[in-house]
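Encoded as structure tokens, the structure appears first; notes follow it.
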Amino acid sequence: MLDLTPYLPQLLVAWTAYIIAVVSPGPAVLAIIATSVSQGRKAGLALALGVLSGSYTWAMLTASGLSALIRTYGQAIVFLKIAGACYLFWLAYNALKAAMRGEVSRAALRVPLQMSLKKLYLKGLGIHLTNPKAIFAWIMLVSLGMPAGAPVTVTAAFIGGCMLIGLVSFCGFAIVFSLSPVHRAYLKSRRVIESLMAGFFAFAGLKLLTTRL
């Protein structure tokens, strides 16, 4: 069994960078929070697992040499950038539609989810897979945590550690923001929250289109 001790300094730096990236407010985190607050714990967890799956997908692709592929086929990133912006605009539209609805009673918010858990999972997956910034974040993380020529065990330890951090963080957001006091606060300021979400997703979409990656 390989001794990871020589690689620990680099791994710890990369894991710390991943923690900062995960807890920083972004489309994925805010979508998990909004879903958990408005639709409950199961919905938030389903979306969180979708986000985590998207993160794991980019991690595996990056570790497998995605950065070299990006350099060869740079136009693919332009397409992904446009697709990601369109998806964020769609999320903004839905949040705005929710904000423009009239007051919703407490009883109405206890009805079964409008979206199935499968659709919520796919929504989380889509948020992360259509975000090209996630690719470059993973390229940065891989360069931090995996020195050149590192054995596959180091790769497995690095990605495994990141996925554990992501699981605890994303699911933690879903659990905390689905608690009753938070839910009651959401009922009081639902339209404001949905309006802010719409504004954020629209801003993130514009930023994605205008930022050079």
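The values are calculated or read from the model by the stated rules, or taken from the named source; none is laboratory data. Note that the coordinates shown come from a computational prediction; the quantities given were computed from them, not determined experimentally. FYI the Cβ positions are ideal-geometry reconstructions off the backbone, even for glycines, and counts take in every protein chain you see.
Candidates in the range 126-175 are the residues that are in a helix (DSSP H, G or I) and free of Cβ contacts under 8 Å to residues at least 12 places away in the same chain; of these, the one that is surrounded by the fewest Cβ atoms within 10 Å (Cβ to Cβ) is Val152.
Quick one: in the range 1-41, which of the residues that are of a type in the set (S, T, N, Q) and either modelled with pLDDT of 85 or more or closer than 19 Å to Val152 by Cβ (or both) is surrounded by the fewest Cβ atoms within 10 Å (Cβ to Cβ)? Even if it seems obvious, please write down each step before you answer.
Of all residues in the range 1-41, those of a type in the set (S, T, N, Q) come to 5, 10, 16, 24, 35-36, 38-39.
With the extra rule that they be either modelled with pLDDT of 85 or more or closer than 19 Å to Val152 by Cβ (or both), the set shrinks to 5, 10, 16, 35-36, 39.
On the way: Thr5: 7, Gln10: 17, Thr16: 12, Thr35: 27, Ser36: 27, Gln39: 20.
Filtering first and then ranking leaves Thr5.
Taking the range 1-58 as the range and being under 20 Å from Gly160 (Cα atoms) and basic (Lys, Arg) as the test, no residue passes.
Looking at the range 187-195, can you tell me whether even one residue there is in a helix (DSSP H, G or I), touching a helix residue (DSSP H, G or I) at 6+ places or on another chain (Cβ under 6 Å), modelled with pLDDT under 80 and buried (at least 20 other Cβ atoms within 10 Å of the Cβ)? Yes.
Residues checked against (1) more than 22 Å from Phe203 (Cβ to Cβ); (2) in contact with a Pro (Cβ under 6 Å, 6 or more places away or on another chain); (3) polar (S, T, N, Q); (4) at pLDDT 75 or above:
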residue	(1), (2), (3), (4)
Ser67	yes, no, yes, no
Arg110	yes, no, no, no
Leu117	yes, no, no, yes
Ile139	yes, no, no, no
Val142	yes, no, no, no
Ala148	yes, no, no, no
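If you go through the range 74-108 and keep only what is modelled with pLDDT under 80 and over 30 Å from Phe136 (Cβ atoms), you end up with Ala98, Ala99, Arg101, Gly102, Glu103, Val104, Ser105, Arg106, Ala107, Ala108.
Quick check on Pro132: is it out of contact with any Ser or Thr (no Cβ under 9 Å at 6 or more places or on another chain) and more than 28 Å from Thr35 (Cβ to Cβ)?
Working: out of contact with any Ser or Thr (no Cβ under 9 Å at 6 or more places or on another chain): yes; more than 28 Å from Thr35 (Cβ to Cβ): no.
Here the answer is no, as Pro132 does not meet what is asked.
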